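Engineer: Provided herewith is a single structure, encoded as structure tokens, for subsequent inquiry.
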Amino acid sequence: MTPIVLRSGIGALLRGDSQADRVVPPTGFTARLTVFAAAAMAFLAVCALAVSVASARLAERWSGALDGSATIRITAPQDQQAAQVAATLRVLETTPGILTFRALSDEDMSGLLVPWLGDGLDLSALPVPGMIELSTEADFDPTGLRLRLSGEVPGAVLDDHGRWRAPLAKAAGRLWWGSWAAAVVVFAALAAMVTLAAQAALAANAQVIAVLRLVGATDNYIALAFVRRFTLRALTGGLVGMVLAVAALALVPSRATGVGLLTDLGFSGGSWLLPLIVPVVSGGVALVATARAAQSTLRNLT
């Protein structure tokens, strides 16, 4: 019956049939359950899509922040550190693929340590290594630079941020997949709830269905009435849930007011079109779920 409903019933689904619609109760427990379930699931689905978009944006921002940059750490006795920093700078002057480089001063190092150790640091009492930051081009060869440093400045260690970038990208990728998986679970739960509501409505109207069969109504005609009513209910609930979710996401602080995932949660640009697919998917899920429930229940009522 499901293929028949989907193939021959789309026109009837859109036009409606006042006589057939009387078979399905317009109000009651199943009506409220369907609308509420569709609205709640649509809200959760939009939030899941927002997390997916935010995680992709976060991964791009993290990767962009680390891409094209590197640091060199010089660990040496205090009386030799300045000489090794100077030797490292000379190596960088003749290394291709480097745009800019500079050695961090004591003030710069102190500023980096403030979040961890507080203000008023006396770096002379700490074995702080020398640091050089550099920006690189696409043709930069970190392996070649490491070989040169190991031969000319043994105390210098290059960090091209690869070990930081890969875990961050992997974590963001897992978050992206996890949010889409959550959306799939949400729609699966909606399908289960609509199926239960449709079966309950069909069972409650068993006597009406029996009378309709006696006067010549086909099971496809009866099923279309339920499919249309439950699809419209799910579509209405999906629209309500989508609007509420978009309104809630609009209240989330922007990145200008903070940092992190939660302050950048939401849609931007063309991604604002994504929530529009949620009510459509909700209606489609309800259509298929109701058609299958009608097929099973009407067979049992025979």
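Engineer: Look through Ala172, Ala203 and report the one residue that is surrounded by fewer than 20 Cβ atoms within 10 Å (Cβ to Cβ), in the same structural domain as Arg229 (by TED's automatic domain parsing), aliphatic (A, V, I, L, M) and touching a helix residue (DSSP H, G or I) at 6+ places or on another chain (Cβ under 8 Å).
Structural biologist: On the way: Ala172 fails: surrounded by fewer than 20 Cβ atoms within 10 Å (Cβ to Cβ).
Answer to the check: Ala203.
Engineer: Which condition breaks for Ser254 when tested against (1) within 18 Å of Leu287 (Cα to Cα); (2) modelled with pLDDT under 80; (3) among the hydroxyl-bearing types (Ser, Thr, Tyr)?
Structural biologist: (1)
Engineer: Give the residues of region 65-105 that are in a helix (DSSP H, G or I) and acidic (Asp, Glu), sorted by residue number.
Structural biologist: The initial filter retains those residues of region 65-105 that are in a helix (DSSP H, G or I), namely 65-66, 78-93.
If the condition is that a residue be in a helix (DSSP H, G or I) and acidic (Asp, Glu), then Asp79, Glu93 are the ones that fit.
Engineer: Kindly indicate which of Ala191, Ala166, Ala182 is under 24 Å from the mean Cα position of the chain (by Cα), in contact (Cβ under 8 Å) with a residue 60 or more places away in the chain and closer than 23 Å to Ala59 by Cβ. If you could, list the steps in order and put the result at the bottom.
Structural biologist: Working: Ala191 fails: closer than 23 Å to Ala59 by Cβ; Ala166 fails: in contact (Cβ under 8 Å) with a residue 60 or more places away in the chain.
Of the residues listed, the single one that is under 24 Å from the mean Cα position of the chain (by Cα), in contact (Cβ under 8 Å) with a residue 60 or more places away in the chain and closer than 23 Å to Ala59 by Cβ is Ala182.
Engineer: Determine if region 221-233 includes at least one residue that is surrounded by fewer than 16 Cβ atoms within 10 Å (Cβ to Cβ) and either in contact with a helix residue (DSSP H, G or I) (Cβ under 7 Å, 6 or more places away or on another chain) or at pLDDT below 80 (or both).
Structural biologist: So in region 221-233, the residues surrounded by fewer than 16 Cβ atoms within 10 Å (Cβ to Cβ) come out as none.
No - not one qualifying residue is present in region 221-233.
Engineer: If you check Thr236 against the conditions, is it closer than 27 Å to Ala42 by Cα and of a type in the set (Ser, Thr, Tyr)?
Structural biologist: Numbers: closer than 27 Å to Ala42 by Cα: yes; of a type in the set (Ser, Thr, Tyr): yes.
It is true that Thr236 is closer than 27 Å to Ala42 by Cα and of a type in the set (Ser, Thr, Tyr).
Engineer: Working carefully through the options Ala183, Ala192, Ala198, find the one that is part of a helix (DSSP H, G or I) and over 14 Å from Val35 (Cα atoms). If you could, list the steps in order and put the result at the bottom.
Structural biologist: Working: Ala192 fails: over 14 Å from Val35 (Cα atoms); Ala198 fails: over 14 Å from Val35 (Cα atoms).
Testing whether each residue is part of a helix (DSSP H, G or I) and over 14 Å from Val35 (Cα atoms) leaves just Ala183.
Engineer: Do we find a residue being in a loop (DSSP other than H, G, I, E, B), at pLDDT 85 or above and exposed (fewer than 15 other Cβ atoms within 10 Å of the Cβ) anywhere in region 124-139?
Structural biologist: Filtering region 124-139 down to residues in a loop (DSSP other than H, G, I, E, B) leaves 126-129, 137-139.
From what is left, the residues that are at pLDDT 85 or above are none.
No, there is no match, as no residue in region 124-139 is in a loop (DSSP other than H, G, I, E, B), at pLDDT 85 or above and exposed (fewer than 15 other Cβ atoms within 10 Å of the Cβ).
Engineer: Here's a follow-up. Which residue, of Gly241, Gly269, Gly260, is at pLDDT 80 or above and either of a type outside the set (Ser, Thr, Tyr) or in contact with an Asp or Glu (Cβ under 7 Å, 6 or more places away or on another chain) (or both)? Before the answer, list the steps.
Structural biologist: Numbers: Gly269 fails: at pLDDT 80 or above; Gly260 fails: at pLDDT 80 or above.
Every option except Gly241 fails the conditions.
Engineer: Also, quick follow-up: Quickly run through region 67-86 and pick out the residues that are of a type outside the set (Ser, Thr, Tyr), surrounded by fewer than 16 Cβ atoms within 10 Å (Cβ to Cβ) and touching an Asp or Glu at 6+ places or on another chain (Cβ under 9 Å).
Structural biologist: Restricting attention to region 67-86, the residues satisfying the condition of being of a type outside the set (Ser, Thr, Tyr) are 67-68, 70, 72-74, 76-86.
Now drop any that are not surrounded by fewer than 16 Cβ atoms within 10 Å (Cβ to Cβ), which leaves 67-68, 73, 77-80, 82-83, 86.
Answer for region 67-86, where residues must be of a type outside the set (Ser, Thr, Tyr), surrounded by fewer than 16 Cβ atoms within 10 Å (Cβ to Cβ) and touching an Asp or Glu at 6+ places or on another chain (Cβ under 9 Å): Gly68, Arg73.
The values are calculated or read from the model by the stated rules, or taken from the named source; none is laboratory data. These numbers were taken from a predicted model, which means no experiment stands behind them. With ideal geometry, Cβ positions are generated from the backbone for all residues, glycine too; neighbour counts draw on all protein chains shown.
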